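Taking it in order: structure first as structure tokens, then the write-up.
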């Protein structure tokens, strides 16, 4: 099995690969929308939308632990912007 590399590996390590919601990036003037963070391209110019799916209430402790990671995920994507 081939090893993941670059950004995809980083996503998998941080648990972001399976995060669902609405995610939009702009690459070469084109908007790309995906419903799973792991499907975002490795290379993009701007992050336009980062909207993870919020678990239904009542939230469990695990839900809160996962949601507490979202700010870090957002920051990682902003760091990946090319422009």
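The values are calculated or read from the model by the stated rules, or taken from the named source; none is laboratory data. In this text the structure is predicted, and so the values were computed from the model without any measurement. No Cβ is skipped: glycine too gets one built from the backbone with ideal geometry, and neighbour counts run over all protein chains shown.
Report those strands (runs of 3 or more DSSP E) wholly inside region 11-83 carrying at least 2 residues which are touching a residue at least 24 places away in the same chain (Cβ under 8 Å). Reasoning before the result, please.
Working: elements: 20-27, 30-36, 46-52.
Of the strands (runs of 3 or more DSSP E) lying wholly inside region 11-83, those with at least 2 residues that are touching a residue at least 24 places away in the same chain (Cβ under 8 Å) span 20-27, 46-52.
The set of residues in region 46-64 that are closer than 30 Å to residue 83 by Cβ and either in contact with a helix residue (DSSP H, G or I) (Cβ under 6 Å, 6 or more places away or on another chain) or surrounded by 13 or more Cβ atoms within 10 Å (Cβ to Cβ) (or both) comprises 46, 47, 48, 50, 52.
In this structure, is residue 32 surrounded by 15 or more Cβ atoms within 10 Å (Cβ to Cβ), more than 10 Å from the chain's Cα centre (by Cα) and modelled with pLDDT of 95 or more? Can you show your working first?
Values: surrounded by 15 or more Cβ atoms within 10 Å (Cβ to Cβ): yes; more than 10 Å from the chain's Cα centre (by Cα): yes; modelled with pLDDT of 95 or more: yes.
Yes.
Of the set (1) surrounded by 13 or more Cβ atoms within 10 Å (Cβ to Cβ); (2) in contact with a helix residue (DSSP H, G or I) (Cβ under 6 Å, 6 or more places away or on another chain); (3) at pLDDT below 90, all apply to residue 42 but (1).
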